[in-house]
Amino acid sequence: MAESRTSNRISMLCIGMCLALAAHSAANGYAQPPSPQDKKALADFSREVKQYSSMEHNLPADKLKTTTDVAELERERQVLRQAIAQARPDAKQGDLFTPDVAAAFRRLLGQTMSGPDGAKIRASLAHAEPNPGQGLAVNGIFPNTGGRPLQSVPATLLKNLPVLPKGLDYRITGRTLALRDADANIVVDYLPDALP
Amino acid sequence: MARITRILLLPILIGVCLAQHGDRAQSLSAPAPGPELRFPLKNGAVRWAVIGDNGTGEQPELQVASQMQRYWGATHFDFVTMDGDNIYGGHKSVDFQNKFEAPYKALLDEGVKFYACLGNHDDPALEENYKPFNMGGNRYYTFRKGDVQFFVLDSNYMDPPQLAWLEDKLKSSDAAWKIAYFHHPLFTAAAFHGPDVDLRKQLMPLFAQYGVNAVWSGHEHVYERLKPQNGIYFFLVGNSGELRYHNLRKPNDLDLVGFDTDRTFMLVQIAGNELDYQAVAASGQIIDSGQLMRQKPGQTPAP
């Protein structure tokens with residue numbers, strides 16, 4: 001009888017712990033906390049983007065400066081693009097979204113979008129003039145030119161992704177997640193099939 | 001007989017001539033009728049105009065700009081806030097000229113400042129650094145006019161650093177009025193996009209906690225004055241160039257006034273605890289006007 005009561009208590013304790021864990025995960029918008037392997041991959045990614053950012057800051061090309069002359073802004077942006085391309089001529093898809101990072105991002109995004117905020121995130125994506133997946137190229141111009149809108153990225157999704165240094169952002173096209181250099185408007189790297 | 005007729009007719013002819021001259025003299029000296037203003041101009045008020053989704057460079061944008069110019073003559077509003085989609089399509093020099101500098105030339109020449117936020121059709125890096133948009137090289141920023149502080153957000157990319165910045169700026173503001181504006185609406189009865197409920201989840205707690213009084217957005221190409229939400233006044237001006245005819249769901253339980261058959265802009269004036277507003281269509285028709293009182297902390301205003 002006492003054995004049965006102890007067993008019941010242990011069961012209740014386990015259920016309570018599971019509920020507490022689930023509540024914590026739900027509050028953060030994902031179904032499960034990242035595994036140690038994913039945590040390491042995401043930390044590696046953060047380190048790499050910081051290195052990219054430092055490299056960009058040290059380029060012999062100025063950031064865009066406030067002016068009334070739009071042609072001058074275009075010229076400065078073009079100079080910045082060329083300097084970035086020259087600084088990383090061999091850059092290719094997967095340099096930052098390495099296989100481990102890619103797997104961690106896909107899991108994170110999948111869990112976030114199947115979590116308690118999934119419906120809101122999907123509604124926000126649908127609301128943001130989604131564009132069909134467009135061909136991306138590392139060091140290529142992000143395809144929001146010629147009047148195509150730049151799709152907004154849902155706030156809850158951003159809350160669950162690693163924070164980026166100033167000047168870099170995540171962008172979505174189709175199911176692809178791109179890492180974009182905002183000033184130069186070029187693709188730093190991209191992750192196909194990122195969104196479930 | 002002929003002489004008698006001439007004697008009788010002469011004073012009549014003179015009278016007619018004098019009357020005509022008088023009419024002409026009166027019409028030459030009378031000022032052209034000014035635009036109808038439905039609120040009194042108050043000394044020391046902060047007065048501005050609101051436009052959104054305007055940057056087409058096409059005739060309707062010019063018509064709205066022309067109405068704004070008429071109203072500037074009557075009100076001398078100090079500045080213009082822009083709810084995003086400031087430049088549609090291409091973003092070359094010529095686009096900024098045709099879609100912004102030419103339509104608002106008269107206002108720019110008078111020194112009226114424009115404060116832009118970014119829409120999804122804007123080119124962030126170019127527009128943040130385009131001096132006449134007064135963004136200071138930032139995608140989100142704040143500025144203050146008298147007792148009114150404006151929080152200009154980038155709703156295309158509401159990342160944690162922007163949310164932290166917003167909380168910090170709201171917390172430290174001692175302005176009597178706090179006004180936020182950004183492109184994507186948190187509430188709307190328009191059918192094309194609908195509200196951004198994910199963004200709403202992030203922003204409403206901050207707006208409520210730190211006493212934001214009024215919010216403007218665009219994106220939907222209509223005009224809306226919405227029922228207060230959590231005690232906050234909401235407006236949508238997304239039809240100062242673009243227009244999506246008959247796009248408002250009717251009936252709906254959100255709008256106090258909705259208008260989706262012409263382009264509009266708004267005039268707003270804040271003095272003390274009063275906010276006066278007036279929405280004007282490209283045709284000159286006044287489609288909405290009224291006065292709102294500044295909310296007291298914890299008070300939910302009547303619709």
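The values are calculated or read from the model by the stated rules, or taken from the named source; none is laboratory data. Quick caveat: nothing in here was measured; it's all calculated off a predicted structure. Ideal geometry is used to build each Cβ from the backbone, glycine not excepted, and the neighbour counts take in all protein chains shown.
State which residue is farthest from B:LEU199 (Cα to Cα) when the search covers only segment B:155-173 and only residues that are in contact (Cβ under 8 Å) with a residue 24 or more places away in the chain and at the interface with chain A (Cβ under 7 Å from one of its Cβ atoms). Here the residue is B:ASN156.
Based on this model, can you work out whether A:ALA104 counts as more than 30 Å from B:VAL94 (Cα to Cα) and either more than 14 Å from chain B (Cβ to nearest Cβ) or at pLDDT 95 or above (or both)? Judged against the criteria, A:ALA104 is a match.
Contact map, segment B:132-150: first residue among the basic types (Lys, Arg), second residue assigned to a helix (DSSP H, G or I), Cβ cut-off under 6 Å, separation 6 or more or different chains; pairs are B:ARG139/B:PRO124; B:ARG139/B:GLU128. Can you confirm whether segment B:40-58 contains a residue that is in contact (Cβ under 8 Å) with a residue 24 or more places away in the chain, surrounded by 23 or more Cβ atoms within 10 Å (Cβ to Cβ), within 13 Å of chain A (Cβ to nearest Cβ) and touching a strand residue (DSSP E or B) at 6+ places or on another chain (Cβ under 6 Å)? No, because not a single residue in segment B:40-58 is in contact (Cβ under 8 Å) with a residue 24 or more places away in the chain, surrounded by 23 or more Cβ atoms within 10 Å (Cβ to Cβ), within 13 Å of chain A (Cβ to nearest Cβ) and touching a strand residue (DSSP E or B) at 6+ places or on another chain (Cβ under 6 Å). Those strands (runs of 3 or more DSSP E) of segment B:125-200 in which 3 or more residues are crowded, with 21+ Cβ neighbours inside 10 Å, acidic (Asp, Glu) and in the same structural domain as B:HIS91 (by TED's automatic domain parsing) are absent. A single entry from B:GLU128, B:GLU101 fulfils the requirement of being more than 29 Å from A:PRO154 (Cα to Cα) and of a type in the set (D, E, K, R): B:GLU101.
So, A:ASP169, is that one of a type in the set (Asp, Glu), at the interface with chain B (Cβ under 10 Å from one of its Cβ atoms) and part of a loop (DSSP other than H, G, I, E, B) or not?
no
Based on what the data block shows, is B:ASP198 more than 23 Å from the chain's Cα centre (by Cα), acidic (Asp, Glu) and at the interface with another protein chain (Cβ under 9 Å from one of its Cβ atoms)?
yes
Of the residues making up segment A:160-182, those that are buried (at least 19 other Cβ atoms within 10 Å of the Cβ) and either out of contact with any Asp or Glu (no Cβ under 8 Å at 6 or more places or on another chain) or among the charged types (D, E, K, R) (or both) are A:ASN160, A:ASP169, A:TYR170, A:ARG171, A:ILE172, A:THR173, A:LEU177, A:ARG180, A:ASP181.
Of the numbered criteria (1) surrounded by 13 or more Cβ atoms within 10 Å (Cβ to Cβ); (2) modelled with pLDDT of 85 or more, the one A:TYR30 fails is (2). Quickly run through segment A:68-92 and pick out the residues that are loosely packed, with under 15 Cβ neighbours inside 10 Å and either at positive phi or in contact with a Phe, Trp or Tyr (Cβ under 8 Å, 6 or more places away or on another chain) (or both). Selection gives A:THR68 alone.
When every residue of segment B:216-226 is checked against the conditions, at least one turns out to be charged (D, E, K, R) and away from chain A (no Cβ under 14 Å).
Tell me yes or no: at least one residue of segment A:93-100 is within 27 Å of B:ASN138 (Cβ to Cβ) and within 14 Å of chain B (Cβ to nearest Cβ). No, the conditions are met nowhere in segment A:93-100. With respect to being closer than 18 Å to A:PRO165 by Cα and among the polar types (S, T, N, Q), A:SER35 falls outside the description.
If only residues of segment A:114-129 that are more than 19 Å from A:PRO149 (Cβ to Cβ) and not in a loop (DSSP other than H, G, I, E, B) are counted, the one that is farthest from the other protein chains (Cβ to nearest Cβ) is A:SER114. The single condition among (1) in contact with a Lys or Arg (Cβ under 6 Å, 6 or more places away or on another chain); (2) buried (at least 19 other Cβ atoms within 10 Å of the Cβ); (3) among the polar types (S, T, N, Q) that B:GLN295 does not satisfy is (1). Of all residues in segment A:134-157, those being hydroxyl-bearing (Ser, Thr, Tyr) and more than 7 Å from chain B (Cβ to nearest Cβ) number 1. Exactly one of these conditions fails for B:ALA106: (1) within 8 Å of another protein chain (Cβ to nearest Cβ); (2) under 28 Å from B:GLU36 (Cα atoms). Give me its number. Among (1) within 8 Å of another protein chain (Cβ to nearest Cβ); (2) under 28 Å from B:GLU36 (Cα atoms), the lone unmet condition for B:ALA106 is (1). Checking each residue in segment B:74-94 for being farther than 24 Å from A:ASP62 by Cα, crowded, with 16+ Cβ neighbours inside 10 Å and more than 7 Å from chain A (Cβ to nearest Cβ) picks out B:THR75, B:PHE77, B:ASP78, B:PHE79, B:VAL80, B:THR81, B:MET82, B:ASP83, B:GLY84, B:ASP85, B:ASN86, B:ILE87.
One residue stands out in segment A:55-67 among those that are surrounded by 13 or more Cβ atoms within 10 Å (Cβ to Cβ) and assigned to a loop (DSSP other than H, G, I, E, B): the one that is farthest from the other protein chains (Cβ to nearest Cβ), namely A:LEU59. Here B:ILE7 meets the list (1) modelled with pLDDT under 50; (2) not in a helix (DSSP H, G or I) almost entirely, failing just condition (2).
Residue check: is B:PRO251 of a type outside the set (Phe, Trp, Tyr), assigned to a strand (DSSP E or B) and farther than 26 Å from B:GLU36 by Cβ?
Answer is no for this residue.
Just one of the listed residues (A:PRO162, A:PRO149, A:PRO192) is at pLDDT below 95 and either within 21 Å of A:SER53 (Cβ to Cβ) or of a type outside the set (Lys, Arg) (or both), namely A:PRO149.
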